Structures are given as structure tokens and as C-alpha cells.
1. Let me cross-check Lys278: its accessible surface, 1.4 Å probe, with only protein heavy atoms counted, in Å² to the nearest 10?
2. Using Stokes-Einstein with the Kirkwood hydrodynamic radius over Cα pairs, what translational diffusion coefficient do you get for the range 216-341 at 25 °C and a viscosity of 0.890 mPa s, in µm²/s rounded to a whole number?
3. Using a 1.4 angstrom probe, figure out how much accessible area the range 251-364 has per residue, in square angstrom, rounded to the nearest whole.
4. I'd like to verify something in the chain: which complete DSSP H helices, judged by Cα projection on the helix axis, reach 20 Å or more and average at least 1.6 on the Kyte-Doolittle scale?
5. So what is the diffusion coefficient of the range 102-152 in µm² per second by Stokes-Einstein at 37 °C and 0.692 mPa s, using a Kirkwood Rh over Cα pairs?
6. Using a Förster distance of 22 Å, how high is the FRET efficiency between Val43 and Asn15, based on the Cβ-Cβ distance and rounded to 0.05?
7. At Ala141 and Phe308, where each label point lies 7 Å from the Cα along Cα→Cβ, what is the point-to-point distance in nanometres?
8. Starting from the Cα of Leu29, step 7 Å along the direction of its Cβ; do the same at Leu315; then give the gap between the two resulting points in nm.
Amino acid sequence: MSFGDKFIPFLGMPNVSLDAQYLIVRAFLGYLPNATIIYFQFVFAAITLILIAGALLGRMNFLAWMLFVPLWVTFSYTITAYSIWCPGGWLAKRGLIDYSGGYVIHLSSGVAGFTAAYWVGPRTTRDRERFPPNNILLMLAGAGLLWMGWTGFNGGDPYTVSTDASLAVLSTHVCTATSLLTWLILDYIFFGKPSVVGATQGMITGLVCITPAAGVVQGWAAILMGMMSGSIPWYTMMVLHKKVWFLKQVDDTMAVFHTHAVAGSLGGILTGVFAVPKFNRLFYMVTDWQHYIGLFYGFHDGRTTAGFRQLGVQLLGILFVVFVHATMTSIICLLISLVVPLRLSEEELQTGDDAIHGEEAYALWGDGERYESKHNSVYEENARPPSTKGDDDRFKTFWGNLLSRPRV
């Protein structure tokens, strides 16, 4: 449905993608078989849903989420993926530039997450008022893996080792580093402290912003994009969100709207400004020079009409993605609500993980005995492991005595 034969202008014909004869055929781009592109694109689709989950953390009914995932990826994600990335898609034919998912993944997830958060409703008041990071060190480890993985996220899109793949990798890291520093500087100027969480947010917005442009812009453009991706989403999150009434009504737990919808839209627009015709020719392998020319190069080469046309197509793509995902996400959420509640009950929200999964995420000082899973344990339902209370008490006493000693 995302990359198959044309069914309608914005959707492919449903078919079996895991058929052996289909898997070994060369993909429509690059030199690898369909088996590789299927895996690569399934990962993209999974990432999009994980990002949506970031907007819904802390209150969505887990069963409702399990229903949401296959419905959304089938009836919402496929529409924009086919329209923008498949050669037969209507926006692809118009020349929309989305190198690695600024529209299909990031703008989509930001809009869908914000819309779903509206229908699901907010977290508890306690969680909304104070929701500190669980573990900043683990967050940094995850951020590092994310940044490293984005090398493949953007660099892998040509499906081969090529010049534009190398350009994509370099631009990705240049933009991201610039964005991180920009966000960090703004935090320091306005809040007086260089926030580690803020630096991570700036890293993410930089990665998102460069994604639609990764292999088709020059290094200096990547720096400019990083400066804007570290400042404009910062402003919408830190300033605008507190002033706009509608934004304050939606509880977007991880600020996915700002880090992905705003940054993704910004990247799409800037791609329409800075896209280099020669680089686009490397990636799209076209000779139609009326397509794939950034506005900056339109002015430079005396083809302003083509440059404005490209910018117009980029803006049209944003409007299409917003319309599709706001509409389809709303329909899917309303249909699910007819079967199961979208939101957890107040009692479940107060109890937390144990009420939902029968497990506690953190079991310290023997507290885990209270939350021993009845379903995935070697013990019988009414049996309990030997008590370690004495060991726990001795452990606490040892550390208590150690920490109470006077420091030199």
C-alpha cells in the first residue's frame, strides 16, 4: 500500500510484500533487493508510531494502543508514504523533496500524536504539574544511540553506497551539532543554566530538520538549518506553547508536536529554499530541471519560477500531511473509543504500571516482592520467594553507617 502498484493517486494496491518472487527483485531505487527496502521501510513505520506514543505516555489504555497501531499504520501512514515516496504518488510526481522522512515520519508523527493526545485526554494533574526525567544518564545513552543511528536513518535512504549517501551523513551531523549548541545557548541566556535535557531536545530537532534535506543541501545550508532548528522549535515550545490557548489544552507528554511537527515542517520549507539541483539529480536521477531546485538556486540561476514552484510544492506537502493525519487519526480514535476506552481509569492512573502490566518498573530494597508478576514467574501464584528482608536491612545499615561518617 505504500510502495506497490497504483490503486488511487495517494495509495497503492494492497498486496503481499513477503512473497519470495517479490523479495528478490531489485528495488525501485539503488541496487538492493526489495527484501532490504521492506525491512528499512517497516522500521521507518515503527519509528513513526513510537514517536506518536511519546505524545500519549502516562494515560492511554494499553489495549486501545494495541488497536491503534495496526489501524493507523494501515489507513493513515500508508497514504502519506505512497503519496510522497512512491514514484507513482501524486506529490512525488509534483517533485516534493523529502529525502528521508521529514514529512512521512516526523511531521506525520507530530500531527498524529497531537491529535491523538486531544482525543485521549490529559494525564493526571499531578503528572502534568511535575513530570521530571526518570534517569538523565539513561536518557543520554538513548540520545547517543539515536544520533548514531540517524547516520543510517538518513545515510541509508539511497539504498546504496553513493555520493549523496555520504553527503547525507555529513549534513546530518553538522546540522544536529549546530542545533544542539543553539538550543543550549538559548537555555543559558534565558534560564541561566545549560540544560542537558534541553541539549537533547536541540539534538532531536536538528536531526528532524535535516531529515528531508539531508543529501540535497550543502554544508553551509546544514549549519543555517541547525541554527533555525535549535531556535524556532525552542521558541514554540518554551514561549508560544504557554501563550496559545489551544496548545495548552492538549497534553503532549514528550512535546512531540514541537520537536517533530514544527521541526519537520521547518525542514521541509528550508529544503525548498536550499535544495541544490545537482544533488537532487544524484538522488532522484532525473533530468527535468524544473523540479528539485531550491528557491535560493532559482534566484542564483535565473529560474525563479522553478524555485518558487518548488517551495510551493513543499508547502502543499505540509498541508496534505496535516490534513490526512489529523483526519484519519481522529476517525481511528473515535472508532476505537466505541470498543474500548481510550484513557485509563482514574484508579489505574493512580496505581501506575502494576495496575496495567502486573509489574513495577523499579523494584528497590525488596519492594519488588509486592509486585511479583503472576504470569511470568517461576513461583506459583500464591507462593513467594524466600524473604530477603534481613539482607535488605543489613545492606541499608551498612550504607547508612558509611554515608553518616564525617567527611574529611
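The values are calculated or read from the model by the stated rules, or taken from the named source; none is laboratory data. Not measured: the values here are computed from a predicted model. Note: ideal-geometry Cβ built from the backbone for every residue, glycine included; neighbour counts use all protein chains shown. For the accessible areas, the whole protein counts, side chains as well, though only heavy atoms, and no ligand, DNA or RNA atoms are used. Shrake-Rupley method; radii C 1.70, N 1.55, O 1.52, S 1.80 Å.
1. Its accessible surface works out to 140 Å², give or take rounding.
2. Translational diffusion coefficient: 146 µm²/s.
3. 48
4. In the chain, the long hydrophobic H runs are 34-56, 196-210.
5. Details: Rh = 13.7 Å.
D = 240 µm²/s.
6. In this case the efficiency is close to 0.65.
7. Each label point is offset 7 Å from its Cα along the Cβ direction, giving 5.4 nm.
8. A separation of 2.5 nm, rounded to one decimal place.
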